[in-house]
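What follows is a set of notes on a single structure, which appears directly below.
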Amino acid sequence: MLDSTRNGRPRAGNTAAGRARAGLLVVGSFVLLLYVIEFINTLLFRSLNGTFGLRPRSLDGILDILTFPLLHANLAHLFSNTLPLIIFGFLVLLSGRRVFFTTLALSWLASGVVVWLIGGFNITVGASGLVFGLFAFLLVRGFVNRNWWQILLSVVLFLTYGGILFGMLPTVAGFVSWQAHLGGAIGGVLSALLLSVPRTGTPHTGR
């Protein structure tokens, strides 16, 4: 077993401040990567979107599931995803990197699968599916864990950002991929269920 303390004090990474710094570093690095890709894509006249964007119901499109959240239609599209990614990603990372990467992976995969199965005929790009996945995880987690602090956070987030949930409805603007949003949210809920914290207590025995 490794000692998590040094001179009787918790290591920096195990403190709330340490987790917060690590969270900002991880989320910030991911967002920075998106901007680097956006810059390269702009220089290439957005040819990356045609090559690595998600094409529904095509065999090549299966591999595009791995790449489409990294691309965006334009800089404004990336701007619209930046702040939610930072806020939701940071809040999820406060629970640990395993929780964050599991939620991100399931949101990524579920978003891509739903778009591939029921998406329209247009190429889909953008990290909004990840935004919806992280948001859905934060909304559901507290109720799954029966944790009042997490429930309180979910209520605050819902009152602040709950309007984005309309983005999962087919009635939104035609250029918005509601399928990606819906799939991402499904992935976030699955992550909350998968990572649920079991309640402690004395088990009941039958007579």
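Summary of computed values
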item: Accessible solvent surface per residue of the chain, calculated while the other protein chains remain in place, 1.4 angstrom probe, Å²; result: 59
item: Principal-axis tilt of helix 148-161 within the chain, Cα atoms, nearest 10 degrees; result: 20
item: C-alpha long axis of helix 178-194 to longest principal axis of the chain, angle in °; result: 20
item: Fraction of accessible area attributable to carbon and sulfur, the chain (%, probe 1.4 Å); result: 70
item: The stretch 42-78 and the stretch 135-153: distance between their alpha carbon centers, rounded to Å; result: 32
item: Exposure of PHE143 as accessible area (Å², to 10), given a probe of 1.4 Å and all protein chains; result: 120
item: Choice from ALA127, ALA180, ALA17 with maximal GNM fluctuation in the chain (Cα, 10 Å cutoff); result: ALA17
item: Ranked order, HIS77, HIS181 - accessible area, probe 1.4 Å, largest first; result: HIS77, HIS181
item: Within the stretch 15-50, chymotrypsin sites (Phe, Trp or Tyr not before Pro) in DSSP loop having at most 14 other beta-carbon neighbours inside 10 Å; result: PHE45
item: Angle between the chain longest axis and helix 16-43 axis [Cα atoms, degrees, rounded to 10]; result: 10
item: Space enclosed by the convex hull of the alpha-carbon atoms of the stretch 72-207, per residue, Å³; result: 134
item: Candidate residues SER80, SER196: accessible-area rank, largest first, probe 1.4 Å; result: SER80, SER196
item: Candidates GLY96, GLY183, GLY23: whichever shows maximal mean-square fluctuation once the chain is modelled as a Gaussian network with Cα springs under 10 Å; result: GLY96
item: Highest-MSF residue in the chain out of LEU134, LEU93, LEU83 [GNM, Cα springs under 10 Å]; result: LEU83
item: Global form of the stretch 15-62, assessed from the alpha-carbon gyration tensor, a/c cut-off 1.5; result: oblate
item: Helix-only CD estimate at 222 nm, as mean residue ellipticity for the chain, using -39500 (n - 2.57) per DSSP H run (n ≥ 4); result: -21000 deg cm²/dmol
item: Exposure ranking of ILE62, ILE87 by accessible area [1.4 Å probe, largest first]; result: ILE62, ILE87
item: Nearest-10 value in Å² for the accessible area of ARG55, using the 1.4 Å probe; result: 70
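The values are calculated or read from the model by the stated rules, or taken from the named source; none is laboratory data. This structure is a prediction, so every number in the text was calculated from the model and none was measured. Because the Cβ atoms are built from the backbone with ideal geometry, glycine has one as well, and the counts that use them run over all protein chains shown. All accessible areas refer to the heavy atoms of the entire protein, side chains included, with ligands and DNA or RNA removed. Shrake-Rupley method; radii C 1.70, N 1.55, O 1.52, S 1.80 Å.
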